[in-house]
Each structure stands twice: as C-alpha cells, then as structure tokens.
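One structure, as structure tokens, below. Some questions next.
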Amino acid sequence: MMMKRRMILLGGVFSAASLAMRGIALGQGEAVRPVLSGRGQAWKIVEDRATPDGALTLHSSTGETIKLSRFLESYEAPAGVPYCGLSFPRLALAEADLLADTLLRGEDDPDEMAVRDAAPSVDSHFESEQVGRIVWTSFIGTPQADDVMPLTPAGNTRNWHVDRIAPELHAGAPLVAHRREGLLGGDLPIIVKQFQTGPGRYWEVMVFAETDTTEIHQVPSWQRVTLVSNGKVERVVYGTSYPPFGPFRPDPDESQFNAALLRCVFFWRKTQIGQMQIHLPRADWSDIATHGFVKELIVRRGGTGARYGVVDRDYAGPEYDGFQDIFTASLYANLVWGRFDQAKAILIDQFEHFVTPDGLVAMRGPEVGQTGLTLSLLALYARLSGDLAVLQRYQLKIGAMAQVLVALHDKALGLPDADPAHGLIAGWSESDACLFPDPSIWWKPYFSNSGLAARGLEDGAILWRALAPGETALSEDWLKRAKQLRARVNEALSSSIQHDQSPPYVPILPGVSESFRKSLLTHRYSEQQWAHRVYAELLQSGVLTPDLENQLINSMRAHGATVMGVVGNLAPPSAESRDMLGFISYGYALALLRQDRIREFILFLYAHRYHIHTRGSWTASEVAGLRGELALFCLPAQMTLPILLREALVHEDENGTTLHLARGVPRSWVWSESGIAVSDAPTRWGKISFTLRRRSDGSRLDMWVTAERALPDTIRLALRLPKSRIPRSVTGSLPPHALVLSGAALVIHPGDVRDSRIEIILKST
C-alpha cells in the first residue's frame, strides 16, 4: 500500500486550488485546516509521514518555505563485535590507546561508522538503580529562564509523563532503551523521539519549550504524542506544561500546539542571524555545531549568565558558576563563529560577577593556565570584534589578572638555578585542588601553567598596547616574560623526557620519575591527579616547538592519556572502566590540527561526537565512560565541536601570516559533489567566505574565496583528495605565480584582491 503524507495546517485560508498553484498536492487523507499567523504572514504545516524521517515543512502565504528535517539517531546496539573486537579489560588496562590504534590502521581516514560502533552510546546505561538519581538524558528550556526542564529517555518532563498516553513507554521499557532520537530541523531544541512497536508502527514524542514567555523560574513545555502506523496517524494527543485537571485545564488542541511550534522555530532561527554559516555534505555535522549555541542559550541563566551544568546539584549549583573553563570555552566558540553580541554579553557577565579587583576569580580555586588563556581570548575578542570599549571598562581587572601571572613568575625566578622548577610558574592547574586536606600537593610547576601564561602574557601585551598606549613599560615587561616562559617550558620539558621508554615518555612537570599512571596507583593524593588538564592545556598554548609537540602527542597516545583518540579522564587503571574527557580536551585536538596529524584529528571529531554526546539530541558529557555510562552534562563540553569544526574549516596559524582552509576535514567531505562552504568566518583579515566543490565527472575542483576587507598574504587550501586523484594544474582569476600546488595543498598569494575564483584540474592515478 502506498504511504501518504499527512498535512497539518497552521493559519490563513488555503483552498485546494491555491495549494495546487503552489505546487503542493493533497494526497488522500490530507486535510486543509485554518492556519495561524507568524511574522505578519499566514502559515501552514506539511508533515511528511511516508517515512519516520519525513520532514515538517512550513509554508507561508507569501511563498516562503522552511523545511525542518527529522534527523534521528538510533540507540540500537551496534552490529558486530564491540570495542573493535578487543576485550574491555584489555583495552581498559592497556597503556596504549588500542582503540585509536585499531581505528587508525591503514592510510585512509578513520571510518566514521566504525568509530560510532566501537563502543556503546553515552547514555545506554540509564536505569535509575544503576545511576542512583532521577534519570534524564536531554533537556529543554529558553534563554529567559534561570533553569531547564530535564527529559527522561521516554520524553517525560517532571510534570507531564508520556506513559499516561502510551503505557508501553514506561521507564526501563525495551522500547525506550532502543529508541530513535533527534531534533526537529536538525539543530532546534525541539526533541523528537520514536519508539517502534512493530513493522511500520511507532510512537513519536515531540517536546519543546514555549518561547513566548516571561517566566524566569519555570520552563513551560509543549508535548505531542503520536501513534503512526504505515504512514497514517492512528492517534495523537497534545499536551502542555501540566496534565489536564478535569474541565478546568484541558489538553491543548492541534492549533494551539502548532502555533507554539511556529513561535519556537522563529525564535530560535533568529538567534542564529549574523553568525558564521557552514555547509557540509552531511547536514548533521553542521547542525551539531550550531545546536551547541542553542544549548548554551538554554543553559546560561537569562541566556548569558555563567552556568556549568544543569538539573543535578553537580553541576547546576551556583558555586560552579565562576569556573573559568565555562568562560574560556564559550568565549572562544562564540568569537570564532562571529557571535560577537553573545561573546560580549559573556565577557561582561564574567568580569562583572566573577573577576575580582585583584585579578582572581570568584571560584574556589583559581586555575593558573585558564588565567593565561583568559588574557589570550580577550586579545582575540579585540582582534575579531574590534570592540575595545568593553575591554577598557575592565582594564584594571585585566591588568590585575596579568600581574597575578607576573607575581607567580617572579616567585619562580627566585628559585635556585639548579632547581628543576626554576622559572616555571607553580600553582593550581585544577580548581578542585583546593578542596583536599593538603592543597599544597597540587601547588606545582605544571608545564601547562607556564605554557598558557606565556601565551596569555604575549597576547595580553598586544591588547594592553591598544588599551593603554602610554604604558609601554608594562606591555614590554609582559612580552619579555612571555619569551622567557616559552623558552623555559621548552628547555624544561625537553630535559624531563624519559627516553628509556618507547616512545619517550613526557611528564606533566619537571623533576619527576613516576609516570602519571604509576603515581595515581601509588599515592592516595597524587600530584599528577589532573594530568589530563595539564597535557591538554599545554598543547593548547602552542608554545612548544613542533618536535616537542609531536613527542608529547606520541607519548599521550602510547602511555595511557588518550581513549579512542580523545584525551582520557585519567584515573588509576582499572579493568572496569576507561573514561573520555568531554571538556578541556579540545587543546589536544588543536595541536593535532597544527601538526597536520589530520587523521587523528578526524578520529577525535568522530569519537567526541558519538561517545561524548548523547545520540540525536546531542547533550555533551563532562566525562563519558566507554561502557556507555550515563554522564553529567557540562557546557564547556558542548562548546568543543563548534570550536573544532570552525578550526577544521578555517584556521589561522600561530604567527598570523597564513590562513588555512579545509585543513581538518575528512576526504569524503572534500570529494562530495555537494561540497563544503563557509560564509562570514571572522578572522584577523575580516570575514572570510569560501566554497569548494568537485565537478560531477571528478575532473576538477572549483573554489571561490572572498574577504570582507582583504585576503591574507597567504592562503593554504588543503587538498585532502582520494588517492585516485592528484592535482595536475590550477587556473583562476589570479596570475599563475599566485597559485602554487605544493603536495596535498594549494598555496594562494592573492595580493590586493578581495575575491578569487580558482579551478583545480585533477588527474587519475
């Protein structure tokens, strides 16, 4: 039997004839209903029920169309043998990252589906008796509210339960465990869950928050529960925040639900205006990035107030709000995506409420590395946004923050020359260090402290010249110290490497003989407890020489610091668990990109997506176990993929002289006929846009690049092509000497032009 599409209409009056004029054919069983208005137009909804993945499309009376796809991911157990055929105890106890070694075999990019299926999904163990708390795997909310509404795997809110309509969707039911889940429109906070009850038959639950509200302490919600059989709707029930109360509070009707849906779509689409736009061959990859910013607006109090987590006291309590990683990850992500208004609001919130006049933060344990990173990101804010006024407002606090690093550096310089810690900044790298009986155990000269301090003082000095042009002595002192710290980190790290291991082992601080694994096993309170933070932050600083940076990456992967190519949450080795780190770890990935270890970078992208995020609704975990243990959400983890996808597509080198395009993208994306495109990526040269698309016959690649102000002196386009294709020649609107093929890259010297079209001719091997 041919399955039919179902049409639900929102507003205005559309006759069958007028619909036909718009190219919309009504099938058997499709209905035309009175529609609703929005943005000064009448709108109707066409909902495709021919397949479970059918789109919901909005059509306006003026011809505007908004197609909202259903992208859902499955919670079915992966086919084949888990963990790439390795026993869990073996991969958990091994020093080497055996999963990464297996997934990176050969010369091709890692297989995305193999990475996905290498371990269970992150919330596959959600029964309440296992986690000891109320189970939630996603949430809805609005920027107005100071809290969120959690959703259970079945789609229950705390006030409205699905099993009142569909009893088989009770907690712990197999239907719930093996659901499909996703977001309407790919990135909107409209959560869709499907539970298959038989061939062609399934329940669908759709939940979202009301956006037209002034409530700050509540999250009004809308629900729709639909039973679909062979493309036809058998039953549908609409719900709002609370269950019905006799005749006094009836369930809402279809028109009320659809009106709220329309408001929700318009509201969230508006929040994306002005940001960088990306087009990738697979829309879900661009969607997961843009959804990160939607999640941020929901999580932050009032859309901008700092908040680490949601729902559970850990980490939703206000005592976490000053955690520096919240600020640095969000500011970085919003800046590189051109979300300058949000970046400014985040900056103001941080410096108004959490940075004290002495340059410290209102958080239990200030982190030295994150202090340096803050200075660096403030300079990035000035460079990309051009807004110095807000930074001048906080000039005294910024100066005090830098002077904290200066004072710590002076203390380090006062140590004897023979002391391994001489010239290296000692202090806490992790905020939680201050909670232990003897916090001095972690007041140590971790290499990351000095690495990010060097970067922060160097970038901060450039910023200070703009903020206080008359205070050159201060900026010159910071530059001098940055140079000293950079040299000292490289010297101390090089002399600390343990060459008796293969590959050589790189420690997290000078003068130690124990590896972090041995230290964690040996000591109740190990000074190397947060080795993962030290490694990731040191790599993010970018102060190491390329040789040392590569040695550090090799050491991490071989000696227990990574899990499936992502930085691990390092703990004493156990046959029962091995955990991945959702936040902080992006510094490691940035170093992979910088060193052109692109296959490893792509493995990081895939592993972070499939094993740090829940499937479909994409809630990111602070830490995720390889067994699929339910984990706590944290906002910095949600910012990781937006940061890395931007850098994979548009990346400025450390010296600010070269712009890298498509440096970290999979070969399959480059070779896709639909191509890749970036619009309005903010850079030091202004906003940059580019497209890269292959011809259908595979004979050439077409590229177009343009700049808001001027193109950089050097652009390096990575040509990650199939091995069967080799660049043969290149032509374009630039003179021949400006286009140079160099191995697997095209080096472009655009000169004074702002717009260039380029054709890369390929040959088969």
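Filter region 675-707 down to residues that are polar (S, T, N, Q) and within 26 Å of the chain's Cα centre (by Cα) and give me whichever is most open to solvent (accessible area, probe 1.4 Å).
Keep residues of region 675-707 that are polar (S, T, N, Q), which gives 679, 683, 689, 691, 696, 699, 706.
Next, only the ones that are within 26 Å of the chain's Cα centre (by Cα) stay: 679, 683, 689, 691.
Numbers: S679: 53, T683: 4, S689: 14, T691: 34 Å².
Selected residue: S679.
Go through L380, L331, L375 for me and flag whichever is surrounded by fewer than 23 Cβ atoms within 10 Å (Cβ to Cβ) and assigned to a helix (DSSP H, G or I). Give the steps one after another, and end with the answer.
Values: L331 fails: surrounded by fewer than 23 Cβ atoms within 10 Å (Cβ to Cβ); L375 fails: surrounded by fewer than 23 Cβ atoms within 10 Å (Cβ to Cβ).
Among L380, L331, L375, only L380 is surrounded by fewer than 23 Cβ atoms within 10 Å (Cβ to Cβ) and assigned to a helix (DSSP H, G or I).
Taking region 421-442 on its own, how many of its residues are touching a Gly at 6+ places or on another chain (Cβ under 6 Å) and either surrounded by fewer than 20 Cβ atoms within 10 Å (Cβ to Cβ) or not polar (S, T, N, Q) (or both)? Lay out the reasoning, then the answer.
So in region 421-442, the residues touching a Gly at 6+ places or on another chain (Cβ under 6 Å) come out as 428-429, 431, 433-434.
Okay, now just the ones that are also either surrounded by fewer than 20 Cβ atoms within 10 Å (Cβ to Cβ) or not polar (S, T, N, Q) (or both), so 428, 433-434.
Qualifying residue count, region 421-442: 3.
Which one of these is in contact (Cβ under 8 Å) with a residue 24 or more places away in the chain and in contact with a Cys (Cβ under 8 Å, 6 or more places away or on another chain): W464, W442, W428? Step through it out loud before you land on a result.
Details: W464 fails: in contact with a Cys (Cβ under 8 Å, 6 or more places away or on another chain); W442 fails: in contact with a Cys (Cβ under 8 Å, 6 or more places away or on another chain).
It is W428.
Going by the conditions given, is L474 modelled with pLDDT of 95 or more, in contact with a Lys or Arg (Cβ under 6 Å, 6 or more places away or on another chain) and of a type outside the set (F, W, Y)?
Values: modelled with pLDDT of 95 or more: yes; in contact with a Lys or Arg (Cβ under 6 Å, 6 or more places away or on another chain): no; of a type outside the set (F, W, Y): yes.
When the stated conditions are applied, L474 does not pass them.
Given (1) open to solvent by less than 20 Å² (accessible area, probe 1.4 Å); (2) outside any strand (DSSP E or B), identify the lone condition not met by D212.
It is condition (1) that D212 fails.
So which strands (runs of 3 or more DSSP E) are wholly in region 626-708 and hold at least 2 residues that are among the aliphatic types (A, V, I, L, M) and touching a helix residue (DSSP H, G or I) at 6+ places or on another chain (Cβ under 7 Å)?
676-683
Say whether the condition of being surrounded by fewer than 22 Cβ atoms within 10 Å (Cβ to Cβ), among the aromatic types (F, W, Y) and under 23 Å from E76 (Cβ atoms) is met by at least one residue in region 231-248. If you could, list the steps in order and put the result at the bottom.
Going residue by residue through region 231-248, those that are surrounded by fewer than 22 Cβ atoms within 10 Å (Cβ to Cβ) are 231-238, 240-248.
The next check asks that each one be among the aromatic types (F, W, Y); those that pass are 238, 242, 245, 248.
In the following step, the residues that additionally are under 23 Å from E76 (Cβ atoms) were identified as none.
No, region 231-248 contains no residue that is surrounded by fewer than 22 Cβ atoms within 10 Å (Cβ to Cβ), among the aromatic types (F, W, Y) and under 23 Å from E76 (Cβ atoms).
For region 232-248, indicate whether the set of residues that are at negative phi, among the acidic types (D, E) and in contact with a Lys or Arg (Cβ under 8 Å, 6 or more places away or on another chain) is non-empty.
The initial filter retains those residues of region 232-248 that are at negative phi, namely 232-245, 247-248.
Those still in the list that are among the acidic types (D, E) too: 234.
Right, trim to in contact with a Lys or Arg (Cβ under 8 Å, 6 or more places away or on another chain) and you get none.
Checked against the condition, which is being at negative phi, among the acidic types (D, E) and in contact with a Lys or Arg (Cβ under 8 Å, 6 or more places away or on another chain), region 232-248 yields no hits at all.
Here is a further query. Which one of these is out of contact with any Asp or Glu (no Cβ under 7 Å at 6 or more places or on another chain), among the aliphatic types (A, V, I, L, M) and not in a loop (DSSP other than H, G, I, E, B): A487, A482? Can you show your working first?
Working: A482 fails: out of contact with any Asp or Glu (no Cβ under 7 Å at 6 or more places or on another chain).
Sole residue among the options that is out of contact with any Asp or Glu (no Cβ under 7 Å at 6 or more places or on another chain), among the aliphatic types (A, V, I, L, M) and not in a loop (DSSP other than H, G, I, E, B): A487.
Rundown of residues vs (1) modelled with pLDDT of 95 or more; (2) more than 18 Å from the chain's Cα centre (by Cα); (3) open to solvent by less than 40 Å² (accessible area, probe 1.4 Å); (4) within 14 Å of G186 (Cα to Cα), yes/no style:
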position: F267; (1), (2), (3), (4): yes, yes, no, no
position: Q275; (1), (2), (3), (4): yes, no, yes, no
position: W285; (1), (2), (3), (4): yes, no, yes, yes
position: A289; (1), (2), (3), (4): yes, no, yes, yes
position: K295; (1), (2), (3), (4): yes, no, yes, yes
position: R300; (1), (2), (3), (4): yes, no, yes, no
position: Y308; (1), (2), (3), (4): yes, no, yes, no
position: D314; (1), (2), (3), (4): no, yes, no, no
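Of all residues in region 753-765, count the ones that are open to solvent by 60 Å² or more (accessible area, probe 1.4 Å) and under 35 Å from the mean Cα position of the chain (by Cα). Break it down into steps so the answer makes sense when it comes.
The initial filter retains those residues of region 753-765 that are open to solvent by 60 Å² or more (accessible area, probe 1.4 Å), namely 754-755, 757, 763-765.
Next, from what is left, pick out any that are under 35 Å from the mean Cα position of the chain (by Cα): 754-755, 757.
The total comes to 3.
Do you know which residues across region 210-252 are of a type in the set (S, T, Y) and over 19 Å from D163 (Cα atoms)?
Let us first name the residues in region 210-252 that are of a type in the set (S, T, Y), namely 211, 213-214, 221, 226, 229, 238, 240-242.
Hits for region 210-252 are T211, T213, T214.
Among the residues of region 638-650, is there at least one that is of a type in the set (K, R) and open to solvent by 10 Å² or more (accessible area, probe 1.4 Å)?
No, region 638-650 contains no residue that is of a type in the set (K, R) and open to solvent by 10 Å² or more (accessible area, probe 1.4 Å).
Go through A412, A418 for me and flag whichever is surrounded by fewer than 20 Cβ atoms within 10 Å (Cβ to Cβ) and either out of contact with any strand residue (DSSP E or B) (no Cβ under 7 Å at 6 or more places or on another chain) or at negative phi (or both). Don't jump to the end; show me each part of the working.
Numbers: A412 fails: surrounded by fewer than 20 Cβ atoms within 10 Å (Cβ to Cβ).
Matching residue, one of A412, A418: A418.
Still on this structure, please answer the following. Would region 569-579 turn up any residue that is buried (at least 24 other Cβ atoms within 10 Å of the Cβ) and of a type in the set (G, A, S)?
For region 569-579, residues buried (at least 24 other Cβ atoms within 10 Å of the Cβ) and of a type in the set (G, A, S): absent.
Out of Q350, Q342, report the one residue that is more than 22 Å from H532 (Cα to Cα), touching a Phe, Trp or Tyr at 6+ places or on another chain (Cβ under 6 Å) and surrounded by 18 or more Cβ atoms within 10 Å (Cβ to Cβ). Reasoning before the result, please.
Details: Q342 fails: touching a Phe, Trp or Tyr at 6+ places or on another chain (Cβ under 6 Å).
Only one candidate passes the filter, namely Q350.
Another question, then. Considering every residue within region 79-92, establish whether at least one is open to solvent by 50 Å² or more (accessible area, probe 1.4 Å), closer than 30 Å to T562 by Cα, aliphatic (A, V, I, L, M) and at pLDDT below 80.
Yes, region 79-92 contains a residue that is open to solvent by 50 Å² or more (accessible area, probe 1.4 Å), closer than 30 Å to T562 by Cα, aliphatic (A, V, I, L, M) and at pLDDT below 80.
Would a scan of region 122-131 turn up a residue that is touching a helix residue (DSSP H, G or I) at 6+ places or on another chain (Cβ under 7 Å) and open to solvent by 10 Å² or more (accessible area, probe 1.4 Å)? Give the steps one after another, and end with the answer.
Let us first name the residues in region 122-131 that are touching a helix residue (DSSP H, G or I) at 6+ places or on another chain (Cβ under 7 Å), namely 122.
Still in the running and open to solvent by 10 Å² or more (accessible area, probe 1.4 Å): none.
No, region 122-131 has no match at all.
Check off (1) part of a helix (DSSP H, G or I); (2) farther than 23 Å from Y83 by Cα for I584 and give me the number that stays unchecked.
Every listed condition holds for I584 apart from (1).
Let me spell it out: the conditions are (1) over 21 Å from L641 (Cβ atoms); (2) at pLDDT 95 or above, and G568 meets all of them except one. Which number is the exception?
The single condition G568 does not satisfy is (1).
Okay, moving on. Among the residues of region 543-558, count how many are open to solvent by less than 10 Å² (accessible area, probe 1.4 Å) and either in a loop (DSSP other than H, G, I, E, B) or within 26 Å of Y315 (Cα to Cα) (or both).
1
Could you tell me how many of the residues in region 708-742 are open to solvent by 70 Å² or more (accessible area, probe 1.4 Å) and within 31 Å of the chain's Cα centre (by Cα)?
Within region 708-742, residues that are open to solvent by 70 Å² or more (accessible area, probe 1.4 Å) and within 31 Å of the chain's Cα centre (by Cα) number 5.
Taking only pairs six or more apart or across chains, which ones have beta-carbon atoms under 7 Å, a first residue in region 73-96 that is farther than 21 Å from V176 by Cβ, and a second residue that is β-branched (V, I, T) and open to solvent by 30 Å² or more (accessible area, probe 1.4 Å)?
Note: pairs meeting the criteria are C84/T102.
The values are calculated or read from the model by the stated rules, or taken from the named source; none is laboratory data. What you see is a predicted model, and the numbers here were worked out from it, not measured in a lab. Here the Cβ is made from the backbone with ideal geometry for all residues, glycine too, and neighbour counts use every protein chain on show. Just so you know, the surface numbers come from the protein's heavy atoms only, side chains and all, with ligands and any DNA or RNA stripped out. Shrake-Rupley method; radii C 1.70, N 1.55, O 1.52, S 1.80 Å.
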